[in-house]
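Below: the structure, in structure tokens.
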Amino acid sequence: MSNFDRNAAPWSRGYARTGADVDQGLRAFMLGVYNHMSIGLALTGLFALGVNMLAVSGVPTQFQLGSHTYLTSFGAAIYTSPLRWVIMFAPLAFVLFFSFKINSMSASSARSLFYAYAAVMGVSLSSILLIYTGASVTRAFFITAASFGALSLYGYTTKRSLSAMGSFLMMGLFGLIIASLVNLFVQSSAFQFGLSILSVLIFAGLTAYDTQSIKQMYLESDGYEDATKKSINGALMLYLDFINIFMALVQLTGDRRS
């Protein structure tokens, strides 16, 4: 991030950019985006593991979930009480707040809010470790990481405009959200299987599209503060793509605990 800071400061004073400056600055900007995203994913993983360790008991308790899983009182509170709905929808509230306030908050506040969001997402995702085996969750993570890396690289390097594809994918995303809300009440496993396949396809395309969009955001930015906020906003976009692909792959390929 220090390279990014040094590159941004002269431009905020109106210095002219050469082609080399733009290439070097763009690389530093994208590195900052991926750094923020990686820290966010690390926080999500750590909080998911930490909450799961606190929630699951190694000895039988009065709170039983499944045939071989026992919960502590903390686990029962966050997974079986009405509090679970708060935990489920808290990440959505964070994203909406971030989207509405990103332009008015400082870069440091935006960074802190993004990391807080990643931690809350970890608490929300900790429940998948109750449903699926650790090995299958790890496998889905590495498949997601490899796929995400290839798709993001394509979005960064391609000379073809992905705007038309992006418009189509956004329509698909809205349809996916509506269908997912419907399935909360229908609870159809076959419907969920289809939604998971669509999620992988839609967010795979969005990964390439968002990467190209973030690259274009940098080219339009001026000043350290605005460029830093765009870096964090870009990290959030790619973070969401990664998380949604990962969750869909877990649902498609994960081995359920007995």
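The values are calculated or read from the model by the stated rules, or taken from the named source; none is laboratory data. Computed from a predicted structure; not experimentally measured. When we count neighbours, we look across all protein chains shown, and the Cβ atoms used for this are built from the backbone with ideal geometry, even at glycine.
Please find, among D255, D210, the residue that is of a type in the set (D, E) and within 25 Å of V33 (Cβ to Cβ).
Working: D255 fails: within 25 Å of V33 (Cβ to Cβ).
Checking each option against the conditions leaves just D210.
Within the stretch 133-171, track down each residue that is in a helix (DSSP H, G or I), among the hydroxyl-bearing types (S, T, Y) and free of Cβ contacts under 8 Å to residues at least 60 places away in the same chain. Even if it seems obvious, please write down each step before you answer.
To start, the set of residues in the stretch 133-171 that are in a helix (DSSP H, G or I) comprises 134-157, 163-171.
Subsequent filtering for residues that are among the hydroxyl-bearing types (S, T, Y) retains 136, 138, 144, 147, 152, 154, 156-157, 163, 167.
T138, Y154, T157, S163, S167 - these are the residues of the stretch 133-171 that are in a helix (DSSP H, G or I), among the hydroxyl-bearing types (S, T, Y) and free of Cβ contacts under 8 Å to residues at least 60 places away in the same chain.
Looking for something hydroxyl-bearing (S, T, Y), under 29 Å from W85 (Cα atoms) and modelled with pLDDT under 85 - is there at least one such residue anywhere in the stretch 136-145? Working first, answer last.
The initial filter retains those residues of the stretch 136-145 that are hydroxyl-bearing (S, T, Y), namely 136, 138, 144.
Add one more test, that the residue is under 29 Å from W85 (Cα atoms), and what stays is 136, 138, 144.
From what's left, modelled with pLDDT under 85: none.
No, the stretch 136-145 contains no residue that is hydroxyl-bearing (S, T, Y), under 29 Å from W85 (Cα atoms) and modelled with pLDDT under 85.
For a quick check of your reading of the model, give me the residue pairs whose first member lies in the stretch 187-212 and is in contact (Cβ under 8 Å) with a residue 40 or more places away in the chain and more than 11 Å from L169 (Cα to Cα), whose second is polar (S, T, N, Q) and crowded, with 17+ Cβ neighbours inside 10 Å, with beta-carbon atoms closer than 6 Å and at least 6 apart or on different chains.
S196/Q251; T211/S152
Can you tell me which condition V33 does not meet? The list is (1) touching a Ser or Thr at 6+ places or on another chain (Cβ under 6 Å); (2) within 16 Å of M121 (Cα to Cα), and all the others hold.
(2)
How many residues, within the stretch 125-135, are within 13 Å of G45 (Cα to Cα), modelled with pLDDT of 90 or more and not polar (S, T, N, Q)? Give the steps one after another, and end with the answer.
Step one: list which residues in the stretch 125-135 are within 13 Å of G45 (Cα to Cα), which gives 125-129, 134.
Then drop every residue that is not modelled with pLDDT of 90 or more, which leaves 125-126, 128.
If we keep only those that are not polar (S, T, N, Q) as well, we get 125, 128.
Result for the stretch 125-135: 2.
Return the pairs, sorted by first residue and then second, in which the second residue is surrounded by 13 or more Cβ atoms within 10 Å (Cβ to Cβ) and aliphatic (A, V, I, L, M), the first residue lies in the stretch 104-115 and is over 12 Å from H36 (Cβ atoms), the beta carbons are less than 8 Å apart, and the residues are 6+ apart or on different chains.
Sorted first by the residue in the stretch 104-115, then by its partner, the pairs are M105/L113.
Of L206, L198, L184, which residue is assigned to a helix (DSSP H, G or I), touching an Asp or Glu at 6+ places or on another chain (Cβ under 6 Å) and not β-branched (V, I, T)?
Details: L198 fails: touching an Asp or Glu at 6+ places or on another chain (Cβ under 6 Å); L184 fails: touching an Asp or Glu at 6+ places or on another chain (Cβ under 6 Å).
From the options L206, L198, L184, the qualifying one is L206.
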